[in-house]
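Report on one structure; see the data block that follows.
The values are calculated or read from the model by the stated rules, or taken from the named source; none is laboratory data. Computed from a prediction, not measured in an experiment: that's the story for all the values here. Note that each Cβ is placed from the backbone with ideal geometry, even for glycine, and that neighbours are counted across all protein chains shown. Note: accessible area is taken over every heavy atom of the protein model, side chains too, but ligands, DNA and RNA are not part of it. Shrake-Rupley method; radii C 1.70, N 1.55, O 1.52, S 1.80 Å.
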Amino acid sequence: MAEPGEVISYQQMCAIEGASLQRGMNYRLGGRRSILLMSRRPNAPYADTVSEDGTVLIYEGEDVPSSSEVPDPKLLNQELTRASGSPTQNGKFWKAAKERGATADAETVRVYEKLRTGVWVFTGSFKLRSAFEDSSDSRRVYKFRLELVAEGPAPDSSRQELEHSRIIPSAVKLEVWRRDQGRCRECGAMDNLHFDHIIPFSRGGSSLTADNIQLLCARHNLEKSHHIK
C-alpha cells in the first residue's frame, strides 16, 4: 500500500489497487475502494483545485464519453445518469456525497495525481463531503469536495501523518522533481521516493514553495520522521 506523498509508476498504482485504472473516477472499484485520478498539470483536461492549506480537494466530474456522435465532450453538459437511466460515475459519487457526506460514514476515496507520463503520486485518503453543480464555459459540470484524512489508528501518528501529507501543488512537485532529478537528495536512489516537507507544516513549513519540499527515498524519509535536519 502506498503512503501519502509516495512516487509510484502507473504499473505500481494498478497493482496496488488490483485493477487497470483507465478512467479518472472509480466508485467502489471491484466493490471495494473508491479511487480518483487527478492531474493539475498545465492543459489538464479537468479543473481540479486544492485549498491553500492543502487539506481540501475540489474534484471536477467526468465528461460524457467521446464518440463519433460526440467529438468534443467539452461542449456538452456533464451528466449524472446515462440514457439507459443507470448512474454515471458522477451520479454514483453524487449520491454518496448527498446521502453520507455529512456523516461519519462518508465515502473514503483514495486519490492519485499524475505528475508526468508514467509517474504518479499517491496524494492520500479523503472523505467525500459534498457535491454541487457549477458552470464552465456555459455548460454544467459537477464538483466534489473532499477533505484529507489521516491514515493510521493512533491519534499522535495520525496527526503527524496528516501534516506530512498536505497536498503539495503540482507546480511545486514538478519543480522539485526537476531540481532533484528524480532522485533522493540524501543518497541518489531513484525508487521508493516520497515528496517530503523539510520543515513540517505544524512548525510553520510551507507546501507552497519548492524550497521546503524535497525528494527522499523510503529509508531516509523514515529516518527524517524522527527529527528535523
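Here's the picture: charge each Lys and Arg Cβ at +1 and each Asp and Glu Cβ at -1 in segment 66-115, and of SER67, GLY101, THR81 the one pushed furthest to the positive end of that dipole is GLY101. Projected label points at ASP137 and ARG116, each 7 Å from Cα along the beta carbon direction, are separated by 2.7 nanometres. Placing pseudo-labels 7 Å out from each Cα toward the beta carbon at GLN12 and ILE198 gives an inter-label distance of 2.4 nm. Overall form of segment 1-117: rounded. Here a/c, set by the Cα gyration tensor axes a ≥ b ≥ c, is under 1.5.
How high is the FRET efficiency between SER66 and GLU223 when r is their beta carbon distance and R₀ equals 35 Å, given to the nearest 0.05?
According to the calculation, E is roughly 0.15.
Charge dipole of the chain (Cα centre as origin; +1 on each Lys and Arg Cβ, -1 on each Asp and Glu Cβ, all else neutral): 180 debye, rounded to the nearest 20.
Of all beta bridges that DSSP places with both ends in the chain, some 90 percent have antiparallel geometry. The figure for GLU52 is an accessible area of roughly 150 square angstrom, using a 1.4 Å probe on the protein chains alone.
For the Cα atoms of the chain, what angle does the longest principal axis make with the long axis of helix 89-100, in degrees from 0 to 90, nearest 10? Roughly 80 degrees, rounded to the nearest 10. Model label sites at SER84 and SER130, defined 7 Å from Cα along the beta-carbon direction, differ in position by 3.4 nm. Among the cysteines of the chain, those with no neighbouring cysteine Cβ under 4.7 Å are CYS14, CYS187. Here the gap between THR49 and GLU99, fully extended at 0.36 nm per residue and compared with their Cα-Cα distance, gives a gain of 15.7 nm.
Principal-axis analysis of the Cα atoms of the chain puts helix 170-179 at an angle of about 40° to the longest axis. Hey, any idea what % of the chain's accessible area is carbon plus sulfur with a 1.4 Å probe? Of the solvent-accessible surface of the chain, carbon and sulfur hold 50 percent.
For GLU79, nonlocal amide neighbours, meaning residues 5 or more places apart or on other chains whose placed amide H falls under 5 Å from its own, are VAL64.
Once C-alpha pairs closer than 8 Å and six or more residues apart are averaged by separation and normalised to the residue number of the chain, the relative contact order reads 20 percent. Take segment 1-159 with all the other protein chains still there, run a 1.4 Å probe, and you get 50 Å² of accessible area per residue. Annotation: ARG145 carries an accessible surface of approximately 80 Å², with a 1.4 Å probe and no ligand, DNA or RNA atoms counted.
Between LEU29 and LEU174, full extension at 0.36 nm per residue minus the direct alpha carbon distance yields a gain of 49.3 nm.
Seen from ALA19, the other residues with C-beta closer than 14 Å to its C-beta sum to a net charge of +4, counting Lys and Arg as +1 and Asp and Glu as -1.
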